[in-house]
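The values are calculated or read from the model by the stated rules, or taken from the named source; none is laboratory data. This is a predicted model, so every value here is computed, not measured. All Cβ positions, even for glycine, are placed from backbone atoms using ideal geometry, and neighbour counts span all protein chains on display. Surface areas here come from the heavy atoms of the whole protein model, side chains and all, with no ligands, DNA or RNA. Shrake-Rupley method; radii C 1.70, N 1.55, O 1.52, S 1.80 Å.
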Amino acid sequence: MATDFENNTWVINYSFDNYYNKKFSLEDDSTLSKKDKTITWINTYGLDYMDEFRSMVISNELDDFLLRLFANQNLGNKVIELEEQLFIAVRILKTENHNLESEQMFFVVGKDFIWCIQEKWGDHFDWIRNRIFENKGIIRKKRADYLLYFILETIISNYKEKYEEIVLMENMLDRATQLEPTPEFMFEVEQNKAMIHQFKKASHGLRDIAVRLERVEVKGFHTKYFSEIREQVNGLTNDIDSDIQELESQINLFFSIQGHRLNEVMKTLTIFSVIFIPLTFMAGIYGMNFENIPELKWHYGYFILLGLMLVVTLFSIIIFKRKKWF
């Protein structure tokens, strides 16, 4: 009966002439390097298989320092040179859902094998597998370093596609000029900022990995592929930095527009207040219930008061026009 480790592990072995793809078996597939012209690619989903990891390390005579590295599920981004092998740890974004999550990913790379260990189920490498199965391009002519390049390049391409899908920067300015600063809109803005910074952090991690891979000195490992990885990541990080600046400027513009609208409202209310305050004052005086108010006995007192109110109103309007408040 297959173990959980075997149920969550797949192996692909290929050469220019042939390949096979099957569920992993500890009994038949534990040897990473076949010592022939084939390349072995093993994918494990899950980090909680320390007994099986130990068995793989021992049976392949790998550096037992790997076990300490596998045990640290928050290792971040690292490139460590071992004897004729390379260990890579990278924290990547899971972009299958709108709510971005991160996962730890480990690679053990030799000249003719890659053992890829992911914290969570699922990846975006099916197109690489299809190229291997259909013998497209030159992937089946190359060694494991070229396969590693393809895997890292796929992660970057997936970042670019998901980033463009989620962060729609081009619509923010139009919306800012039309919407009110409601809590819902501001929450959406903060979510966009958080997503951008998540992509920025993940991209910087990949850039560090690419820079370190350019400097490694492991037998059979060609570093030329990873200059292209670094350039792609730099392009993505430049786009992200540009979008961050644009978002900040748009947020400032948004508040400037809303402040201008508020000033216009306050200006209108002030004009009405200045006009009606003296009218209210006069109405209040002659609305008091004292008997000794001589004007109350005037025959034309009511019309005189209305005329006075009209004069005050016209005088206020003339002043406002001269001050160019209208």
In this structure, the FRET efficiency calculated for Ile58 and Ile166 from their beta-carbon separation, with R0 = 45 Å, to the nearest 0.05, is 0.55
In whole Hz, the Karplus estimates of ³J(HN,Hα) for the range 187-198 (6.51, -1.76, 1.60; θ = phi - 60°; x where Gly or Pro) are 5, 5, 4, 5, 4, 4, 4, 5, 5, 4, 5, 5
Shape call for the range 199-251, from the Cα gyration tensor axes a ≥ b ≥ c (a/c under 1.5 means rounded, otherwise prolate when a/b beats b/c, else oblate), comes out prolate
At 10 °C and 1.306 mPa s, the Stokes-Einstein diffusion coefficient in µm²/s for the range 55-147, with hydrodynamic radius from the Kirkwood sum on alpha carbon pairs, is 107
With every protein chain kept in place and a 1.4 Å probe, the range 258-326 has an accessible area per residue in Å² of 85
Rounded to the nearest whole number, the per residue volume of the convex hull around the C-alpha atoms of the range 1-81 in Å³ is 118
Charge tally for neighbours of Phe70 with beta carbon under 14 Å away, counting Lys, Arg as +1 and Asp, Glu as -1, is -3
A correct Kirkwood calculation over the Cα atoms of the range 188-290 returns a hydrodynamic radius in Å of 19.2
The relative contact order of the chain, taking Cα pairs under 8 Å that sit 6 or more residues apart, comes to a percentage of 13
Longest principal axis of the chain (C-alpha) makes with the long axis of helix 301-322 (C-alpha) an angle, in degrees to the nearest 10, of 40
Candidate cut points under chymotrypsin sites (Phe, Trp or Tyr not before Pro) in the range 118-156, DSSP loop plus at most 12 other Cβ atoms within 10 Å of their own Cβ, are Trp121
Partner lysines whose C-alpha sits under 17 Å from that of Lys22, ignoring same-chain residues fewer than 8 away, are Lys34
Here Rg/Rh (Cα, Kirkwood) for the chain equals 1.41
Taking Cα atoms only, helix 144-166 is inclined relative to the longest principal axis of the chain by an angle, in degrees rounded to 10, of 20
Scoring only Lys, Arg, Asp and Glu (+1, +1, -1, -1) among other residues with Cβ under 11 Å from the Cβ of Asn234 yields -2
